[in-house]
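Note sheet for the following structure.
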Amino acid sequence: MSYRIRGLSAVPFQHLFGLSDRALADHGAERHVADATPGYPDRVELRDARPGERLLLVNYTHQPAPTPYRASHAIFILEGAGAPWDRVGELPPVLRDRPISLRGFDAVGRMVTADLAKGDGLEPAIVALLQDPAVDYLHAHFAARGCYAARIERA
């Protein structure tokens, strides 16, 4: 089974790019400068920021469905991020190199299954979860901090 991984569009965050730290705070956001890699995973391009790159830490509602699973969390967005990652059958390094929590949701946004995977085990776990007919889409989360990473769908 083929899968598609998509990063977020930068468009909803562009109004924050270039704002002062004070103005960012008024939006509940913070600017960070990457000082190491890995460590600052961008959710648009689905890559780790390189040292010196600026990112915005924002709260993002990754599960907006009106169910008990409605959720938001802090995520990094590369300031000035380009085109979002959107590929079929290809894992971005930002997911391959970390333990990932995969959460399977049905069409109305209820979690129906979940798994943990890392490295070479990630792709087989994605395929296995997407073979469940009750699963409409997956969310990948960085297991250590619980942050949303990306959406995964059948291709």
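The values are calculated or read from the model by the stated rules, or taken from the named source; none is laboratory data. No experiment lies behind these values; they were computed from the predicted model shown. Because the Cβ atoms are built from the backbone with ideal geometry, glycine has one as well, and the counts that use them run over all protein chains shown.
Quick notes
- Segment 10-65, residues that are of a type in the set (Gly, Ala, Ser) and within 25 Å of His139 (Cβ to Cβ): Ala10, Gly28, Ala29, Ala34, Gly39, Ala49, Ala65
- The set of residues in segment 1-52 being touching a residue at least 40 places away in the same chain (Cβ under 8 Å), assigned to a strand (DSSP E or B), in contact with a Pro (Cβ under 9 Å, 6 or more places away or on another chain) and farther than 18 Å from Arg96 by Cβ is empty.
- Entirely in segment 66-155, the strands (runs of 3 or more DSSP E) that have 1 or more residues that are among the acidic types (Asp, Glu) and either touching a Cys at 6+ places or on another chain (Cβ under 6 Å) or within 19 Å of Ser2 (Cβ to Cβ) (or both): 86-88, 111-117, 148-154
- The one condition from (1) crowded, with 17+ Cβ neighbours inside 10 Å; (2) hydroxyl-bearing (Ser, Thr, Tyr); (3) within 12 Å of the chain's Cα centre (by Cα) that Tyr3 does not meet is (3).
- Qualifying positions in segment 18-49 - at pLDDT 95 or above and under 29 Å from Val88 (Cα atoms): Ala34, Tyr40, Pro41, Asp42, Arg43, Val44, Glu45, Leu46, Arg47, Asp48, Ala49
- Neighbours by Cβ (under 6 Å, 6+ apart or cross-chain): first from segment 83-111, farther than 15 Å from Ala143 by Cβ; second of a type in the set (Gly, Ala, Ser): Pro84/Gly7; Pro84/Ser9; Trp85/Gly7; Val88/Ser2; Val88/Ala155; Gly89/Ser2; Asp106/Ala134; Gly109/Ala65
- Residue match in segment 1-21 (condition: under 28 Å from Glu123 (Cα atoms), polar (S, T, N, Q) and touching a strand residue (DSSP E or B) at 6+ places or on another chain (Cβ under 8 Å)): yes
- Residue among Asp132, Asp120, Asp115 that is surrounded by 15 or more Cβ atoms within 10 Å (Cβ to Cβ) and of a type in the set (D, E, K, R): Asp115
- Residue among Glu79, Glu90, Glu53 that alone is buried (at least 16 other Cβ atoms within 10 Å of the Cβ) and either out of contact with any helix residue (DSSP H, G or I) (no Cβ under 9 Å at 6 or more places or on another chain) or closer than 27 Å to Ala134 by Cα (or both): Glu53
- Unique residue being surrounded by fewer than 21 Cβ atoms within 10 Å (Cβ to Cβ) and at pLDDT below 95 when the list is Arg110, Arg96: Arg96
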